[in-house]
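**Student:** Once you've had a glance at the structure underneath, I'll fire off some questions.
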Amino acid sequence: MTKRVAFVTGAMGGLGTAICQSLAQAGHKVVAAYHPQFDEKDVWLQEQEAAGFKDFIMVSGDVADLASVEAMVAEAEQKAGPIDILVNNAGITRDKMFAKMDRGQWDAVIDTNLNSVFNLTKQVSAKMAERGWGRIINISSVNGVKGQAGQTNYSAAKAGMIGFTKALAQELAAKGVTVNAIAPGYVATKMVMAIREDILQGIVDSVPMKRLAKPEEIGFAVTFLADELSGFTTGATLNVNGGLYFQ
Ligand code: CAA
Ligand code: NAP
């Protein structure tokens, strides 16, 4: 298969790690982008090497900050070459019922989860179009599709990613660049383990498959959309949610 350069944000989180591993297993060269304040990067790298993933290229930057992203992508291109596959995965939650949500909690989620998609995609999409090949994969959420009480900020950002995906897919369809979203259900990562135990149990009970997703089940979905044979799939939102919700 053709070896491509993939750039994954939030690479050291639960989903990011699985996405990096899946793309590497598919033969791609992977740039793992992490938050500058993440102080366990050496531990993460050692764990990856111990698991057989020895070739990750590391760059750091704040996805919510355009200047930081410009510098980070330039460093990645210098180290790895032009980026063929962009995975917009970094994200946060600041869950509160809307009545109690303050503007800081709203802004933090919109900046990190949605404005980041502008910041990253802006660096790579025109160059992908010039080269005639690209894959942009946005990690949205089931809660962007169905809405979730306590997550007006997050649901707005994740739904925004889907609208962005559909619009940019049309702009780039004739240029060999596909733009797709994945809407995972609840996955066993740090983000979900932060939910109060009784609430989380209620969520799991409501999933027809009665379990959380494994991170590698999302990693596989990314690798599928990045494949050469996914070249006719664009503007799609792939639900990977154990039957929790259908569009
Ligand atoms: N729908 C409607 N009303 C609800 C509700 C629901 N699902 N859940 C709670 N409420 C109501 C309660 O009845 C309560 O009403 P009263 O004040 O009239 O009694 C009020 O909202 C406050 O509820 P809580 O006691 O739960 O409020 P809290 O401040 O303790 O907690 C919360 C609020 C943090 C948002 C909490 O409800 C929560 O964690 N909910 C889960 C949110 C969620 O699913 N987050 C996903 C995070 S992981 C992720 O985002 C990954 C992904 O993409 C899937
Ligand atoms: P996670 O383990 O908390 O990972 C999130 C990653 O994003 C972390 O590595 C975090 O770095 C990074 N990040 C946060 N803010 C950043 C910033 N400003 N700049 C750069 N990196 C930043 O969560 P996850 O579950 O893997 O989530 C990954 C993505 O999947 C998110 O977009 C999330 O919304 C989405 N998602 C998750 C689920 C789920 O159930 N877990 C479901 C649907 C969608 P630090 O830890 O250093 O801050």
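The values are calculated or read from the model by the stated rules, or taken from the named source; none is laboratory data. These numbers were taken from a predicted model, which means no experiment stands behind them. Note that we place each Cβ from the backbone using ideal geometry, even for glycine, and neighbour counts take in every protein chain shown. These accessible areas exclude ligands, DNA and RNA; they are computed on the full protein's heavy atoms, side chains included. Shrake-Rupley method; radii C 1.70, N 1.55, O 1.52, S 1.80 Å.
**Student:** Compute the Cα gyration tensor for the stretch 78-201, then decide on rounded, prolate or oblate, letting a ≥ b ≥ c be the square roots of its eigenvalues: rounded whenever a/c is under 1.5, prolate when a/b is larger than b/c in the other cases, and oblate in all that remain.
**Tutor:** Working: a/c = 2.26, a/b = 2.14, b/c = 1.06.
Taking the square roots of the gyration eigenvalues as a ≥ b ≥ c, the stretch 78-201 is prolate.
**Student:** Roughly how many whole Å is it from the C-alpha centroid of the stretch 157-199 to that of the stretch 32-107?
**Tutor:** Cα centroid to Cα centroid, the span is 16 Å.
**Student:** Follow-up. Pick from Ser68, Ser22, Ser60: which residue has the top mean-square fluctuation in a GNM of the chain where Cα pairs under 10 Å get a spring?
**Tutor:** Ranking Ser68, Ser22, Ser60 by mean-square fluctuation puts Ser68 first.
**Student:** Quantify, in whole percent, the carbon and sulfur part of the accessible surface of the chain (1.4 Å probe; protein heavy atoms only). Can you show the working numbers first?
**Tutor:** Values: 6430 of 11760 Å².
Solvent-exposed carbon and sulfur of the chain make up 55 percent of the total.
**Student:** Based on the alpha-carbon gyration tensor of the stretch 72-119 and its eigenvalue square roots a ≥ b ≥ c, which shape applies: rounded if a/c is under 1.5, prolate if not and a/b is larger than b/c, or oblate? Provide the component values of the computation, followed by the final result.
**Tutor:** Details: a/c = 4.41, a/b = 3.50, b/c = 1.26.
It comes out prolate by the Cα gyration axes.
**Student:** Here's something else I'd like to know. Report Rg(Cα)/(2.2 N^0.38 Å) for the chain, keeping two decimals.
**Tutor:** Taking N as the residue count of the chain, the ratio is 0.96.
**Student:** If I build a Gaussian network model for the chain, linking alpha-carbon pairs within less than 10 angstrom, which residue out of Ile195, Ile19, Ile57 has the largest mean-square fluctuation?
**Tutor:** Comparing Ile195, Ile19, Ile57 in the GNM, the peak value goes to Ile195.
**Student:** I want the local charge near Asn180. Using Cβ-Cβ distances under 10 Å, sum +1 for each Lys or Arg and -1 for each Asp or Glu among the other residues.
**Tutor:** On the way: positive: Arg135, Lys166; negative: none.
Result for the neighbourhood of Asn180: +2.
**Student:** Sort Met97, Met128 by accessible area with a 1.4 Å probe, largest first.
**Tutor:** Values: Met97 110, Met128 0 Å².
Greatest to least solvent exposure: Met97, Met128.
**Student:** Restricting things to alpha carbons, tell me how big the stretch 1-89 is in terms of Rg and Dmax, in Å.
**Tutor:** Reported Rg and Dmax, both Å: 12.0, 36.
**Student:** Suppose every K and R has +1 on its Cβ and every D and E has -1 on its Cβ; what is the size of the dipole of the stretch 115-229 about the Cα centre, in Debye to the nearest 20?
**Tutor:** Numbers: 13 positive and 9 negative charges, 43 e Å.
With Lys and Arg at +1 and Asp and Glu at -1, about 200 debye.
**Student:** Which loop chymotrypsin sites (Phe, Trp or Tyr not before Pro) in the stretch 167-247, with loop taken from DSSP, have no more than 11 other Cβ atoms within 10 angstrom of their Cβ? Present the calculation step by step, with values, prior to reporting the outcome.
**Tutor:** On the way: sites: Tyr186, Phe220, Phe224, Phe232, Tyr245, Phe246; in loops: Tyr186, Phe232, Tyr245, Phe246.
Qualifying residues, ordered by number: Phe232, Phe246.
**Student:** About the Cα centre of the chain, what is the dipole size in debye to 20, counting +1 per Lys and Arg Cβ and -1 per Asp and Glu Cβ, all else neutral?
**Tutor:** Values: 23 positive and 25 negative charges, 123 e Å.
The dipole magnitude comes to about 600 debye.
**Student:** Quick one: Karplus J couplings for the stretch 123-139, per residue in order, coefficients 6.51, -1.76, 1.60, θ = phi - 60°, nearest Hz, x for Gly and Pro?
**Tutor:** Couplings: 6, 10, 5, 5, 6, 4, 4, 4, 7, x, 7, x, 9, 10, 10, 9, 8 Hz.
**Student:** Counting only protein chains, not ligands or nucleic acids, how are Leu229, Leu86 ordered by accessible area (probe 1.4 Å), most first? Numbers along the way, then the final one.
**Tutor:** On the way: Leu229 160, Leu86 0 Å².
Descending order: Leu229, Leu86.
**Student:** Report Rg(Cα)/(2.2 N^0.38 Å) for the stretch 182-247, keeping two decimals.
**Tutor:** That works out to 1.25 for the stretch 182-247.
**Student:** Mind ordering 143-156, 69-82 by average Cβ neighbours within 10 Å, highest first? Mind dumping the intermediate values first?
**Tutor:** Numbers: 143-156: 19.4, 69-82: 16.9.
Highest-to-lowest ranking by the protection proxy: 143-156, 69-82.
**Student:** Please state the relative contact order of the chain as a whole percent: Cα pairs under 8 Å, 6+ residues apart? Don't jump to the answer; show the numbers that get you there.
**Tutor:** Numbers: 472 pairs, mean separation 50.9, N = 247.
Value for the chain: 21 percent.
**Student:** Any aspartates and glutamates with Cα under 16 Å of the Lys210 Cα? List them, leaving off those in the same chain fewer than 8 positions away.
**Tutor:** Glu197, Asp198
**Student:** Another one. Given a cut-off of 26 Å, name the pairs among Lys54/Lys214; Lys3/Lys175; Lys158/Lys214 whose C-alpha atoms lie farther apart than that in the structure shown.
**Tutor:** On the way: Lys54/Lys214 23 Å; Lys3/Lys175 20 Å; Lys158/Lys214 20 Å.
Table pairs above 26 Å Cα-Cα: there are none.
**Student:** Tell me, what ³J(HN,Hα) does each residue in the stretch 182-192 have, in order and in whole Hz, if you take phi through Karplus 6.51 cos²θ - 1.76 cosθ + 1.60 with θ = phi - 60° and put x for Gly and Pro?
**Tutor:** Using θ = phi - 60°, the values come out as 10, 10, x, x, 7, 10, 6, 9, 3, 4, 7 Hz.
**Student:** Tell me the net charge near Val204. Cut-off is 10 Å between Cβ atoms, Val204 excluded, with +1 for each Lys or Arg and -1 for each Asp or Glu.
**Tutor:** That works out to +1.
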